[in-house]
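**Student:** Please read through the structure below; I'll follow up with questions.
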Amino acid sequence: QVHLVESGGGLVQAGGSLRLSCAASGRTFSVSTMAWFRQGPGNEREFVAGVIMWSGTTYYTDSVKGRFTISRDNAKKMVYLQMDSLNPEDTAAYYCPAGRGSTWTVPNEYAYWGQGAQVTVSS
C-alpha cells in the first residue's frame, strides 16, 4: 500500500503560479513512476505530467509544456508540480498517482491515488 497526499492547491489569478506537492509513504519501494493528473467537474481525468523516479525522465501533455515543471526528490519521496502562467483552463482537482507502469497517460496504469488538491484559476 502506498499513501499519497497532495498539497499546495489554492486560488490564483490568471497568469499566476502555484506549486503542488505530493508526499508518498508506505511501500514506496515499489513505485517507479509518479505523475500528475487533473479532473474538472464533469470532465475525464487527464494526464498532465509524469516522471520516472530513478532517472528523472519527464513527460508532459502538450497543453502544459513550457508552463509546468514536474520534479521529484527520491530521498523524501516527494513529487512537485510547478505551475506557471496559469489560465482558467487549468482549473481542476489535481491528483498525484504512483505505481509501476509503462504507459504515461492512462489512469489505470497507476495503482495509488491521493485525495487531490484543488486548483482554481480566476479570469
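The values are calculated or read from the model by the stated rules, or taken from the named source; none is laboratory data. Please read all numbers here as calculations on a predicted model, not as lab measurements. Cβ atoms come from the backbone with ideal geometry, glycine included; neighbour counts cover every protein chain shown. The accessibility values were calculated without ligands, DNA or RNA, using every heavy atom of the protein model including side chains. Shrake-Rupley method; radii C 1.70, N 1.55, O 1.52, S 1.80 Å.
**Student:** Set the Förster radius R0 to 30 Å, insert the Cβ-Cβ distance between Q82 and N43 as r into 1/(1 + (r/R0)^6), and round the FRET efficiency to 0.05.
**Tutor:** Efficiency at R0 = 30 Å is approximately 0.85.
**Student:** When ligands, DNA and RNA are left out and all protein chains stay put, how many square angstrom of accessible area per residue does the chain have with a 1.4 Å probe?
**Tutor:** 51
**Student:** Right, something else. What FRET efficiency would be calculated for the residue pair S32, E89, taking the C-beta separation as r and a Förster radius of 30 Å, to the nearest 0.05?
**Tutor:** On the way: r = 30 Å, r/R0 = 1.01.
Efficiency for this residue pair is about 0.50.
**Student:** Can you give the extra length, in nm with one decimal, that the chain gains between Q1 and T69 once fully stretched, where that is 0.36 nm per residue apart less the Cα-Cα distance?
**Tutor:** On the way: separation 68, 0.36 × 68 = 24.48 nm, distance 2.70 nm.
Net length gain for the segment: 21.8 nm.
**Student:** Using the Karplus curve 6.51 cos²θ - 1.76 cosθ + 1.60 with θ = phi - 60°, what ³J(HN,Hα) values do you get for each residue of the stretch 96-113, in whole Hz, with x for Gly and Pro?
**Tutor:** Listing the rounded values in order: 10, x, 9, x, 9, x, 10, 9, 5, 9, 9, x, 5, 6, 10, 7, 10, 9 Hz.
**Student:** Here's something else I'd like to know. Normalising by the residue count of the chain, find the relative contact order in percent from Cα pairs under 8 Å and 6+ residues apart.
**Tutor:** Values: 315 pairs, mean separation 44.3, N = 123.
Computed value for the chain: 36 percent relative contact order.
**Student:** Turning to a different aspect of this structure: Rounded, prolate or oblate: pick one for the chain, where a ≥ b ≥ c are the square roots of the eigenvalues of its C-alpha gyration tensor, a/c under 1.5 means rounded, and failing that, prolate if a/b is larger than b/c, else oblate.
**Tutor:** Values: a/c = 1.66, a/b = 1.63, b/c = 1.02.
Prolate is the answer for the chain, as a/c is 1.5 or above and a/b outweighs b/c.
**Student:** Could you give the size of the charge dipole of the chain about its Cα centre, using +1 on the Cβ of each K and R and -1 on the Cβ of each D and E, expressed in debye and rounded to the nearest 20?
**Tutor:** 400
**Student:** Pick from A49, A92, A75: which residue has the top mean-square fluctuation in a GNM of the chain where Cα pairs under 10 Å get a spring?
**Tutor:** Comparing A49, A92, A75 in the GNM, the peak value goes to A75.
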